[in-house]
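Each reported figure results from applying straightforward, stated rules to the coordinates on display, with no laboratory input. Note that the structure is predicted; figures quoted are calculated from it, not measured. In this analysis, Cβ positions are derived from the backbone assuming ideal geometry, glycine residues included, and neighbour counts consider all displayed protein chains.
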Amino acid sequence: MDYREHTELDDLREQIALLKDKLQRQQIISERAIAEAAQKHIGRLNRAGAVYVFFGVFAVVYCSWAFHWFGFSDEFVIGTAIFLAACAVGTMYAHWGLRSVDVANGNLVEIASRLLKFRKIYSNWHFYTVPALLVWCYFLYKDAYRMLNNPEGFLLAGIVGGTIGGAIGLWRHFKTLREADKAIANIKNLMEQKE
């Protein structure tokens with residue numbers, strides 16, 4: 001092997017080493033970008049959970065006061081407060097496992113497990129709340145006719161408000177599920193790249 005061939009071989013080795021280094025840096029940057037995207041989605045889930053819990057606690061106080069002021073029975077007011085508090089606690093429980101998630105430094109399998117548990121709770125949430133809400137509506141109807149002078153107007157306003165609130169709640173519910181799905185997809189993508 002002469003000098004010229006030896007230099008070309010050294011040049012090729014250097015170029016291959018540079019390409020390998022560049023590829024490794026791009027993979028690290030790609031992994032970092034995916035981790036940041038997953039962390040962003042988890043942060044959105046945490047913020048949404050904090051807002052939901054805040055409004056749940058607010059609803060306990062406000063609805064208890066409002067129903068008491070309208071003259072509803074103490075049993076109905078207490079039942080409403082318990083129902084709303086249970087919803088706030090359930091929401092807090094669903095979001096609890098996501099508070100301390102650090103995608104960049106955490107165990108990806110554990111993070112994915114937490115996200116799947118969160119998603120399962122949210123997906124099954126309606127199996128518990130809708131029947132409870134129907135029972136609550138029955139007692140609202142019963143108490144309204146017993147306590148109010150114009151129960152039809154009150155119930156009509158409740159139906160309109162409940163429909164608007166239900167539409168907003170479903171929109172937020174499905175948005176939360178989409179955020180969870182995006183975070184889960186990012187975690188899976190990151191796990192595949194690390195393999």
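For residue 75 and residue 193 in the same chain, what is the full-extension length gain: residue separation times 0.36 nm, less their Cα-Cα distance, in nm?
So the chain would gain 36.8 nm between residue 75 and residue 193.
If r is the Cβ-Cβ distance from residue 63 to residue 117 and R0 is 25 Å, what FRET efficiency results, to the nearest 0.05?
Once rounded, the FRET efficiency stands at 0.25.
Given Cβ point charges of +1 (Lys, Arg) and -1 (Asp, Glu) and nothing else, what value in debye, to the nearest 20, does the dipole of segment 47-152 about its Cα centre take?
400 debye
Could you work out how much longer the chain between residue 86 and residue 32 gets when fully extended? Use 0.36 nm per residue separation minus the Cα distance between them, nm to one decimal.
15.6 nm
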